[in-house]
Amino acid sequence: MMGLYTRPWRSLSRLEHVCPSRSCIWGAHNANGRVTSGPEERTVPPPVIGGNSTQLLGKRYREERVTSCRTTGVGRCARDKSGHQTRALSSSTQRLHPPPWRDYGRVLRCAGYSSGPGLSIKSRTRPPWNIMFFGTDEFALECVKSLNKCSKAQEGVVGRLEVVSLPSSLPKGLPVAKYATGEGIPFHQWPDIGPCDQFDVGVVASFGRLLSEDLILKFPYGILNVHPSLLPRWRGPAPLIHTVLNGDKKTGVTIMQIRPKRFDVGPIVMQETSLVPPKCTSKELEAVLSKQGAEMLISALKDLPERLRNATEQPKEGATFAPKINAAMSCIKWAEQTPEQIVRLERAIGFVMPLQTLWMGAPIKLLDFVEVPGSIITSGFPRLPGSIHYLSVPQIMVVRCKDGWVGVRTVKLRKKLSAKDFYNGYLHPWFVKKSEIPLEECHFSTLHLPPKSKTLKQQSARNMGC
């Protein structure tokens, strides 16, 4: 036996293994990617290792059915499952000639091979990529449409495409899920996403769930996030709303790598700036940035390895958070908010929930806010925050707020009423005179809503590995 096979502790120092059948794993690679150990010279793809090389090659070593030697002193022997006799290494020999998998990652990096979150020997190095897409809303829909279009092209950047979306109680369902079902794209409902072994990269757009580290590492090139802001500004789930709400003059789209445990903190792969259209709503801004993000995503995928190598960490300065909106944000604070802030608030969240206030102790909704020129305001108008005055010529109702007046065209009580109808029904001098309500009480006041507590089911859903 000793004459037929090379002593294993000698070959280990040269990154080789005693068994010829395993030379493709432990053999030394020359510059052309050929294995120079074993009974014959053969060509194998250059191995690519990322992350913990000890764990990767240790696992591969076990798959080759070799029993590791437990060092209990020189002279102790063991047999692997193939029947080959091996001699255990002493602790001193291990220090002189460490097992190859401990140093293999360093050797490959010195040879110039690429690395990534979960790169393996079977990782692709060029498109078309197999992609798993995570998304929900209209912003994400543009990205998945572009990916689907590329998957049907003969020489596109997308090979296989599958979609993951969240469960929804909406009658029409979520836009991404509806599109995937209609186009026949394989669809998964979170958190049952199926196996990820055959995918090269994941893509996230408006998904709203944190992805676990275990899931991220299943993709050789990690997971990319298409985010509609200039990170690190407006990290979080509602960047478009907060861009409009704060009156930002410029915004953009950032493509970044996902990192576990925190939203939107990974390195920037690609970023482009665009101007915010004047007086636009968050839905209008979403339509502009969704197309920009879809184009950037395809551009990044065309040269993905190079883009990832050149990714830059986000600057620590200028980071802001864009939390989810809630019903309390829709309550107008007449004494605290200026006319400009109220108008921006409606442009930001009006498509989700109308702005609310109190009228005669009951909540009502105000719609269609407009800016009021100072020239039409006279000194005789009341000055109490929330006071109402009807202007017959533009047919709007003006309401006193901090540092000025804001106009309202529509009121929703039991049904929608124009400002004129609301005035005739509730503010006309005849109604005020006949009612027992003092004139000074005919004004809007701030509605205070208690914070909505999360149910245990919602908390568990948010804390899942996503």
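Solvent-accessible surface of protein heavy atoms, probed at 1.4 angstrom with all chains present, puts 281, 312, 357 in the order 312, 281, 357, largest first. Past the 18 Å Cα-Cα mark, which pairs from 149/302; 172/412; 250/283; 365/416; 283/324? Result: 172/412 exceed 18 Å. Accessible surface for residue 390 stands near 40 Å², nearest 10, in the context of the full protein assembly shown (1.4 Å probe).
Summing +1 for each Lys or Arg and -1 for each Asp or Glu among the other residues whose beta-carbon sits under 14 angstrom from that of residue 338 gives -1.
Accessible surface for region 168-272, divided over its residues, is 42 Å² per residue with a 1.4 Å probe.
Ligands, DNA and RNA left out, the accessible area of region 161-275 computed with a 1.4 Å probe is 52% carbon and sulfur. Residue order by solvent-accessible surface for 161, 449 is 449, 161, largest first, with ligands and nucleic acids left out and a 1.4 Å probe. Sorted largest first by accessible area at a 1.4 angstrom probe radius, with every protein chain in place, the residues 162, 313 fall in the order 313, 162.
As a length-normalised measure over Cα pairs under 8 Å and 6 or more apart, the relative contact order of region 264-370 settles at 28 percent.
Here the label points at residue 449 and residue 125, each 7 Å from Cα along the C-beta direction, are separated by 5.6 nm in the simple model. Note on residue 170: accessible area approximately 100 square angstrom, rounded to 10, probe 1.4 Å, nucleic acids and ligands left out. Shape class of region 253-409 from the alpha-carbon gyration tensor: prolate, with a/c at 1.5 or above and a/b greater than b/c. If R0 equals 60 Å, the separation of the Cβ atoms of residue 306 and residue 395 corresponds to a calculated FRET efficiency of about 0.50. For region 364-419, what's the relative contact order in percent, using C-alpha pairs closer than 8 Å and at least 6 residues apart? Relative contact order here is 39 percent.
What you get for region 224-335, charging only the Cβ of Lys and Arg (+1) and of Asp and Glu (-1), is a dipole of about 320 debye around the Cα centre. List residues of region 224-241, by number, whose backbone nitrogen lies under 18 Å from a label position 7 Å along Cα→C-beta of residue 353. Residues 237-241 fall inside that zone.
The simple spin-label model puts a point 7 Å past each Cα toward its Cβ; for residue 371 and residue 212 those points are separated by 5.1 nm.
Backbone geometry of region 306-313 corresponds, through the Karplus equation with coefficients 6.51, -1.76 and 1.60 at θ = phi - 60°, to 3J(HN,Hα) couplings of 5, 4, 5, 5, 9, 5, 10, 5 Hz, x marking Gly and Pro. Here the Karplus curve 6.51 cos²θ - 1.76 cosθ + 1.60, taken at θ = phi - 60°, turns the phi angles of region 228-237 into couplings of x, 6, 8, 4, x, 6, 6, 6, x, x Hz, with x standing for Gly and Pro.
Restricting the calculation to Cα atoms, every distinct pair contributes to the Kirkwood radius of region 341-387, found to be 12.6 Å. Each label was represented as a point 7 Å from its Cα along the Cα-to-Cβ direction; for residue 192 and residue 321 these points are 3.4 nm apart. The charge dipole of region 283-349, taken about its Cα centre with unit charges on the Cβ of Lys, Arg, Asp and Glu (plus for the first two, minus for the last two), comes to roughly 140 debye. Can you give the accessible area of residue 178, probe radius 1.4 Å, in Å² rounded to 10? Accessible area of residue 178: about 130 Å².
The values are calculated or read from the model by the stated rules, or taken from the named source; none is laboratory data. Bear in mind the structure is a predicted one, so any value in this text is a computation, not a measurement. Glycine also receives a Cβ, built like all others from the backbone with ideal geometry; neighbour counts cover every protein chain displayed. These accessible areas exclude ligands, DNA and RNA; they are computed on the full protein's heavy atoms, side chains included. Shrake-Rupley method; radii C 1.70, N 1.55, O 1.52, S 1.80 Å.
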